[in-house]
Each structure stands twice: as C-alpha cells, then as structure tokens.
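The values are calculated or read from the model by the stated rules, or taken from the named source; none is laboratory data. Treat the numbers as computed from the prediction; the structure is a model and nothing was measured. A quick note on method: Cβ atoms are made from the backbone with ideal geometry, for glycine too, and the neighbour counts reach across all protein chains shown.
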C-alpha cells in the first residue's frame, strides 16, 4: 500500500495499528451500549443509616459544610474518626454537632491510618447500613434515600454513588478532574453495574451492609502487598472483599455527591500517582487470587484493559514515530487528528452538559494519552511504595484542597442547613 507519488509502503504500519484500534473501539462501543441500558434502582428501601467518616488534616470549613450536608440528607448517626492530635478540628466538629442537635459522634484515634479509622468507625456504628464518606465530600439532600434503593435487592452488598467536583471552574485541574469523573460515572461504572460487578466503589461516598464488612475488617486493616502493609487503596480493597464473598457491587447514578479536588498541577498529579498505584495493587491481587475471573465479562475486560492501556498506547506512539522517520506526515497527522476526535467522542456525555469544555479536548488528549501513560509506567515500577502524598503530617490540610482555593460562591451554594441552593443555570 502506497500513497500516490510515494515509494513508502504503509500496509505493514497501518494494519497492526488499525487492528488494535478496532479492538479498542469495539470494547468501548460495547461498554457504551451497556451504559446506555443502565437505569438507577427505583425500588423503595428504608433503613437507619450510620455515616462513618475518617477525617485527617481536613479544612475546618469544608468539614463543617460536609457535616451539615450529611445531617440535611437525613443521616441518623454520624461517626467522625479523627487523630487525637487534631484538637482544633475536633473542637470545631464537637461544637458543630451541638449546634446541629444531631447524633454526631467524634471518635479520637491514636492510629492515624485511614484503614484503622474506618475499622474503628465501622465497629462503632449502630446500624446495619453504613455509608463511608470522605471528610471533604458534600451530599445532595436526597443522596441517602437514593443510595438505599439498591439494597431492596438482597444480593446487593455495596452501592456506589455518582460524584462531581466542587467548583470545577475555579481551576484548570479541577475542570480536568470533573471531565475524568464524568468519563468514569457516565460510562465506565454504569456498564459494570448492570451485572453487579463494579470493580471499585469509590470511597468518597459508598454504602455497605455492615454485617458483610465486620468479618473482613482484619483483611482491610492488615492487607500486605509484596511484603509491605498497604496504606491507601482502602476503597478498592473493600470492594473486592465484598465481591469475593459473592455479593453484588452496584452503582446508583441518582445518588450525587460533590467532592474537593486539587487546584494545582503538583497536587493533581500526586493524587493520580497514588490512585494508579492503588489500582495496580488492587487489580493484580484480584487476578492473582482469581477473584476477577468470577466476575461478569464486562468487569474482567474493563480491568484487563485498564492494566494494558499503557502498552496499547505505546503502539500508537511507535506508529507515529515510525511514520515520521519514514517522512509520512499524512499518517502521523491522521493519528493525531484521530486520537483528538476519539477523545472528544469518548467524552460526549460530559461535553453535552459542559459544551465550553470542548476547548479542553487538545489539553485532555495530551494529559490522558501522554501524562497518564507516563504515570502508569512510573507507578507500575513503584506500585509497592505506600504513601498518601497529598495529605502530609506537617501540613494543616490536603495539598491544593483548602476552602480558600474555591471561588467565593462555591460554599455559598450550600445554605446554613447544608442544602445546596441551585443556581439559575442549574434550576
């Protein structure tokens, strides 16, 4: 195969690359069709709920607004686990609990590791349904009623929520994070949820049956990977312990939570590095112990594709480099144009609701195909390094996630009772 007027043979370059591209798009289309068939659970289910929240180096203003939103959503019991040295935050939380006249308990913990705090909080909870939430995550008023609905199915053990970024337009990096969350929660997760095999229920807000968690808490706290005790990655670990026991893990799209994301490049990439290491450890463990192969096909394919994505992308880079070496500018240009178009197409649902982010397509293409590929290779080599990175002991709050980094109107959207006030554009 030759270009008109050219002596360069292209078939040996185009054919393998085209085959990999076709496979990738077939998988995406299958996932997209499954996601299009997804519907949130509508069955009524009512039960008392305990909310368990590990809080470490949290901004007091963010924590206060989060607590108000949990109370406004109807939480019967809120258990906040804090390190004993965070006296200021504990005093603020206790004062807030008194003002709200709600069942908010503050448990000081000598152990600061998140897994230990979750263990303490879950064991201290009073109710069968426990909702685990991050301390920087705010809820819509109907989140609890919506997240309970899937539990009407007695085979459901865990329920995840949809998540959006608080004040995404306050920073380029928050806009990128919001794009990525939508890519996950509008396609990737709903596709796996239809068969009850969501591979990771995000710990920002997730509900479980407490009776399922209690027997596996030692395996959460004392998880060891290649000889080292795990620190981060608690949400993936809990998800797979529940899946291993034969329970369904599903997604409830109608349960919406709003979460803080970093506003700086350094904190953004540090967070991605931590998440990537967590994914490698979680998924490789699931493969090694054969838990993955008992899950629905879409879950197996999604996990394997996630692990192999950096290698498949390298084929594209190799193709482009080879085309440039041969002087085939058309082939290189076609690949660049295609990946940009493809990235926009895969983000269609996000762009439909956020049309001004069309301008971000080139940036997101470079970020996902370039930056994230480098991160995946780096984290594969360093997956057994355990650290939070964004929450350091010497810093008052998580990097890039202080309340002061939000625009003034962001927290004003939440009234004094913790209920989000819709702006005209959203109403």
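Side notes on the structure shown:
- Yes/no for residue 257 being buried (at least 18 other Cβ atoms within 10 Å of the Cβ), outside any helix (DSSP H, G or I), at pLDDT 95 or above and on the phi < 0 side of the Ramachandran plot: yes
- Only a single item in (1) more than 18 Å from residue 136 (Cα to Cα); (2) crowded, with 24+ Cβ neighbours inside 10 Å is not met by residue 81, and it is number (1).
- Among the residues of segment 286-305, those that are out of contact with any helix residue (DSSP H, G or I) (no Cβ under 7 Å at 6 or more places or on another chain) and part of a helix (DSSP H, G or I) comprise 287, 288, 294, 297, 304.
- With respect to the conditions (1) outside any helix (DSSP H, G or I); (2) surrounded by 24 or more Cβ atoms within 10 Å (Cβ to Cβ), residue 243 lacks only one, and its number is (1).
- When residues in segment 141-185 are screened for being over 12 Å from the mean Cα position of the chain (by Cα), touching a residue at least 24 places away in the same chain (Cβ under 8 Å) and not in a helix (DSSP H, G or I), 11 of them pass.
- Of the numbered criteria (1) assigned to a helix (DSSP H, G or I); (2) within 18 Å of residue 45 (Cα to Cα); (3) in contact with a helix residue (DSSP H, G or I) (Cβ under 9 Å, 6 or more places away or on another chain), the one residue 131 fails is (1).
- Condition met for residue 211 (touching a strand residue (DSSP E or B) at 6+ places or on another chain (Cβ under 9 Å), within 30 Å of residue 72 (Cα to Cα) and surrounded by fewer than 19 Cβ atoms within 10 Å (Cβ to Cβ)): no
- Checked against (1) more than 20 Å from residue 250 (Cα to Cα); (2) surrounded by fewer than 24 Cβ atoms within 10 Å (Cβ to Cβ); (3) in contact with a helix residue (DSSP H, G or I) (Cβ under 9 Å, 6 or more places away or on another chain); (4) modelled with pLDDT of 95 or more, residue 119 meets all criteria but (2).
- Qualifying positions in segment 223-238 - in a loop (DSSP other than H, G, I, E, B), over 20 Å from the mean Cα position of the chain (by Cα) and surrounded by 12 or more Cβ atoms within 10 Å (Cβ to Cβ): 223
- Helices (runs of 4 or more DSSP H) enclosed by segment 322-427 - at least 2 residues per element that are modelled with pLDDT under 85: 329-346, 408-412
- Residue 81 vs. criteria under 19 Å from residue 117 (Cα atoms) and at pLDDT 95 or above: no
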